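Trainee: Just dropping this structure here.
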Amino acid sequence: MPITIAIDGFSSCGKSTLAKDLAASMGYVYVDSGAMYRAVTLHFLRMDIDINNIDRVNEALADLRLDFRNEGTHQRVLLNGQIVEKELRSMAVNKLVSPVATLSNVRAELVRQQQHIGRDGGIVMDGRDIGTVVFPNAELKLFVTAETQERVRRRVEELKSLGTPTPSKEVEVNLTERDRIDSTREDSPLRKAEGVVVIDNTNLSREEQADMCLALAKLRA
Ligand code: DC
C-alpha cells in the first residue's frame, strides 16, 4: 500500500533533500509545498498586490494556476504555465513569503490543492503544516531540525549557487524572522504533529538521514 509521508520543520533544515531522497527510494511523488507558497508570493509581487488588501489578494488568487512537472528527482513548478524555479528562491520572495503564508485565504486554497494532489497516497510532501493540517493521518510524520548556524551556511550556499551571493548576517536575520512568523502565526503555525519523529540532522550526512528515514517508511508501508 503506498503511504503518505509528511515532513515539517523550519526553513533550510534539509527537508526537501530528505523528501527527494525518500520519494526516489520509495518510487513516490515529491511535492514541495513551500514552493507553492513561494509561487503565490511571486505572483503577488508580479501583480504588485498589497497583501493587506484582501479583495486584491482574492482577485490574484482567482488568477493563479500552479502546476508541477516531476523530472526524475527534480521538480519544476509552473506559475500560470511558466517555469519559475529560480525566481522562487530570490531574496525578494524570501522576504515576503512568510507574511503571505499567514493569509488564511492563501492557506485554504493551497491546502485544498495539496490534499487533492495527495489523495491516493504514494507521496512525500514537505512544509510547515503537512503533518498537522494537510495530512494529519499520514502514516509517517517527520519533523526535521538543525542548528541555526548550519542552516544559515546551507542557505548562503544555495543563494551563491543561484548567482545571488548574500551576506550570512542578512540570511540569518531573514531565517530567524521567518521562523518566528511561521511558528507564531494564528492559522496553522509550525508545530510538532502528534506521533511525529524528530530528526536533528546537524551532524548527519545526507545518506545517514535518508537511510534512517527510509527504514521508518518501510516499517509503515
Ligand atoms: O520551505 P520554504 O522555506 O520554501 O517555505 C517558504 C515559506 O512558506 C515559509 O516561510 C513558510 C511557508 N510555508 C507554509 O506556511 N506552509 C507550508 N506547508 C510550506 C511553507
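Trainee: If N is the number of residues in region 79-149, what value comes out of its Cα radius of gyration divided by 2.2 N^0.38 Å? Present the calculation step by step, with values, prior to reporting the outcome.
Mentor: On the way: Rg = 14.2 Å, N = 71, 2.2 N^0.38 = 11.1 Å.
For region 79-149, the normalised Cα radius of gyration is 1.28.
Trainee: So, with a 1.4 angstrom probe, what is the percent of accessible area on region 126-193 that is carbon and sulfur? Can you show the working numbers first?
Mentor: Values: 1680 of 3350 Å².
Roughly 50 percent of what the probe reaches on region 126-193 is carbon or sulfur.
Trainee: What lysines does LYS169 reach when the alpha-carbon gap must be under 26 Å and sequence neighbours fewer than 8 apart in one chain are set aside?
Mentor: LYS15, LYS86, LYS95, LYS160
Trainee: Whole number in Å², please: accessible area per residue of the chain, 1.4 Å probe, ligands, DNA and RNA not counted. The partial results should precede the final answer.
Mentor: Values: 10520 Å² over 221 residues.
Heavy-atom accessible area per residue stands at 48 Å².
Trainee: Beyond 11 Å, what percent of the Cα pairs of region 179-221 remain? Show your work: numbers first, answer last.
Mentor: Numbers: 668 of 903 pairs.
Cα-Cα pairs in region 179-221 separated by more than 11 Å: 74 percent.
Trainee: Along the charge dipole of region 94-178, pointing to its positive end and built from +1/-1 on Cβ of Lys, Arg, Asp and Glu, which listed residue (VAL173, VAL156, GLN115) has its Cα farthest out?
Mentor: VAL173
Trainee: Place a point 7 Å from Cα of ALA221 in the direction of its Cβ. Which residues in region 109-143 have their backbone N less than 11 Å from it?
Mentor: 122-123
Trainee: A follow-up question, please. List the trypsin sites (Lys or Arg not before Pro) within region 1-107 that DSSP assigns to loop and that have no more than 11 neighbouring Cβ atoms inside 10 Å.
Mentor: On the way: sites: LYS15, LYS20, ARG38, ARG46, ARG56, ARG65, ARG69, ARG76, LYS86, ARG89, LYS95, ARG107; in loops: ARG65, ARG89.
Qualifying residues, ordered by number: ARG65.
Trainee: If the chain between GLN82 and ARG112 were fully stretched, how many nm would it gain, using 0.36 nm times the residue separation less the Cα-Cα distance?
Mentor: Value of the extension gain: 8.6 nm.
Trainee: Quantify how much of the Cα-Cα distance distribution of region 97-221 extends past 20 Å, in percent. Write down the numbers at each step before the final one.
Mentor: Working: 4263 of 7750 pairs.
Of all Cα-Cα distances in region 97-221, 55 percent exceed 20 Å.
Trainee: Take every Cα-Cα pair in region 23-152 and report what % of them are more than 27 Å apart. Numbers along the way, then the final one.
Mentor: On the way: 1656 of 8385 pairs.
Percentage above 27 Å: 20.
Trainee: Find the all-direction average of the projected area of the Cα convex hull for the chain, expressing the result in square nanometres with one decimal place. All intermediate terms of the calculation are to be shown ahead of the outcome.
Mentor: Values: hull surface 45.7 nm².
So the mean shadow area of the Cα hull is 11.4 nm².
Trainee: Under a plain spin-label model, where a point goes 7 Å from the Cα along Cα-to-Cβ, how far apart in nm are ASP48 and SER104?
Mentor: 3.0 nm
Trainee: Also, quick follow-up: Tell me the label-point distance for the pair GLU157, ARG69, using the 7 Å Cα-to-Cβ offset, in nm and rounded to one decimal.
Mentor: 2.8 nm
Trainee: Ranked by accessible surface with a 1.4 Å probe, highest first, in what order do TYR28, TYR37 come?
Mentor: Working: TYR28 40, TYR37 15 Å².
Sorted by accessible area, descending: TYR28, TYR37.
Trainee: Shifting gears a bit: For the chain, give the magnitude of the charge dipole about the Cα centre (Cβ charges: +1 Lys/Arg, -1 Asp/Glu; no others), in debye to the nearest 20.
Mentor: Numbers: 30 positive and 33 negative charges, 32 e Å.
Dipole size: approximately 160 debye.
Trainee: Of the options GLY195, ASN80, LEU103, report the single residue whose Cα projects farthest towards the positive end of the charge dipole of the chain (beta-carbon charges: Lys, Arg +1; Asp, Glu -1).
Mentor: Result: ASN80, furthest along the dipole toward the positive end.
Trainee: GLU150 versus ASP120, label points 7 Å from Cα toward the beta carbon: distance in nm?
Mentor: Taking the two extended label points, one gets 3.7 nm.
The values are calculated or read from the model by the stated rules, or taken from the named source; none is laboratory data. This one's a predicted model, so the numbers in the text were calculated from it and none came from an experiment. Cβ coordinates were reconstructed from backbone atoms using ideal geometry, including for glycine residues, and neighbour counts include every protein chain displayed. Note: accessible area is taken over every heavy atom of the protein model, side chains too, but ligands, DNA and RNA are not part of it. Shrake-Rupley method; radii C 1.70, N 1.55, O 1.52, S 1.80 Å.
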